[in-house]
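Report on the following structure.
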Amino acid sequence: MISRILLIMLLAVSTQAKVNIVASLTDLADIARQVGGKHVSVVSIARGSQDPHYVEVLPSSMMKVKRADMYLMVGMELDQWAEQIIDGSRNRQLRIVDCSSDIERVNVPTRKVDASMGDIHPNGNPHYWLDPENGKVIARTIASNLKVVDPRHTEEYDNNLKVFIDSIDELEAHWAMTYSSLNGKSVIYYHDTWPYFNRYFGLTATAFIEPKPGIMPTPTHLDHLIHIINDQHIKVIAMEPYFSQQAPAFLSGKTGATIVHMAQSVGAEENTETYQKMLTYNLEVLMKALNSQ
Ligand SMILES: [Zn+2]
């Protein structure tokens with residue numbers, strides 16, 4: 001009888017043993033899944049196809065966080081909505097991890113930010129996960145926090161981290177061979193999502209469809225973009241899937257530039273269901289569009 005009770009208790013412990021993680025974005029969730037392996041259960045608040053700047057604060061999200069052990073934030077003021085979700089969850093045991101803590105930030109404004117600059121990020125551009133080197137930094141941050149929350153599985157977290165970093169190293173070697181022709185190319189982007197991606201892969205953002213971050217394009221701005229595209233022979237207009245096709249289609253019609261849908265997050269497009277696949281997908285669509293003309 002006693003052994004039976006013990007067995008039931010042991011079973012209860014082992015089913016509870018997974019570290020319950022909630023992440024703001026699918027990218028952090030996927031990296032956490034890879035680093036945590038079988039010892040974590042992970043959900044993300046935003047879907048991959050969603051604009052990460054504007055996510056509705058829902059009671060159902062607060063309920064998810066209420067049961068969580070760890071919350072993974074993007075930080076750098078991208079996911080301020082997460083702070084409301086965390087507050088609303090009233091989970092005092094929650095470990096809040098800012099995944100930007102060890103990131104080297106780019107485009108930190110040198111002058112004081114005000115409303116005239118649009119919806120600008122005052123602590124620098126927060127789309128850092130799109131540089132594979134930063135993927136490794138995120139994975140290290142998640143692993144070190146997992147080891148604090150669940151020290152019994154330290155060795156496995158270290159192993160999983162190594163497997164993740166090795167997989168990125170391998171891909172980096174492959175990308176350098178396969179996509180070297182992207183180096184030096186210029187692209188018009190919809191939003192300033194890609195400075196980390198561009199820096200790593202040698203691309204240039206010549207202009208943005210948004211005249212300022214978070215601001216809708218005006219006819220004057222679109223006119224200005226037509227001149228830029230023609231004068232500088234820009235071949236590709238890249239957009240995140242959550243924006244309206246209207247302005248890119250207008251520009252493409254006037255100039256012949258190809259529209260490319262890029263995946264700003266894991267799951268934003270088909271074949272982007274892991275962090276690694278998402279990066280490869282973006283390189284592939286850019287390469288196809290740049291070579292098709
Ligand atoms: Zn942004």
Quiz item: Once amide H atoms are placed 1.01 Å from N in the peptide plane, what residues at a sequence separation of 5 or more from Ala23, or on another chain, have their amide H within under 5 Å of its amide H?
Solution: Val43, Ser44, Ile45, Leu72
Exercise. Report the FRET efficiency, 1/(1 + (r/R0)^6), for Ser49 and His233, where r is their Cβ-Cβ distance and R0 is 22 Å, rounded to 0.05.
Key: 0.10
Quiz item: Of all the C-alpha pairs in the chain, what % are more than 30 Å from each other?
Solution: 36 percent
Practice problem: Compute the FRET efficiency between Ser244 and Thr178 as 1/(1 + (r/R0)^6), taking r as their Cβ-Cβ distance and R0 = 30 Å, and round to the nearest 0.05. | Solution: 0.40
Quiz item: Straight-line reach from Lys18: which aspartates and glutamates have Cα under 14 Å away, leaving out those fewer than 8 places along the same chain?
Solution: Asp69, Asp150, Glu156
Quiz prompt | Contour minus Cα-Cα distance for Asn107 and Lys38 (0.36 nm per residue) | solution = 21.1 nm
Quiz item: Using alpha carbons only, how many degrees (0 to 90, rounded to 10) separate the axis of helix 219-231 from the longest principal axis of the chain?
Solution: 80 degrees
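Too long at a 32 Å Cα-Cα cut-off: which of Lys38/Lys277; Lys38/Lys288; Lys64/Lys185; Lys64/Lys112; Lys64/Lys136; Lys235/Lys277?
Lys38/Lys288; Lys64/Lys185; Lys64/Lys112
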Quiz item: Can you give me the relative contact order of the chain as a percent, contacts being Cα pairs under 8 Å and 6 or more apart?
Solution: 17 percent
Exercise. Kindly identify the range 181-291 as rounded, prolate or oblate by the Cα gyration tensor criterion: order the square roots of the eigenvalues as a ≥ b ≥ c, call it rounded if a/c is under 1.5, otherwise compare a/b with b/c, prolate if a/b is larger, else oblate.
Key: prolate
Exercise. May I ask you to derive the relative contact order of the range 181-291, considering only C-alpha pairs under 8 Å and at least 6 residues apart, and to give it as an integer percent?
Key: 22 percent
Quiz item: In nm, to one decimal, how far is the Arg95 label point from the Asp223 one, both placed 7 Å along Cα→Cβ?
Solution: 5.7 nm
Exercise. Report, in degrees rounded to the nearest 10, the 0 to 90 angle that the Cα long axis of helix 2-16 makes with the longest principal axis of the chain.
Key: 10 degrees
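No lab work stands behind these numbers, since they all come straight from the coordinates. Note that this is a predicted model, so its numbers are computed, not measured. Glycine also receives a Cβ, built like all others from the backbone with ideal geometry; neighbour counts cover every protein chain displayed.
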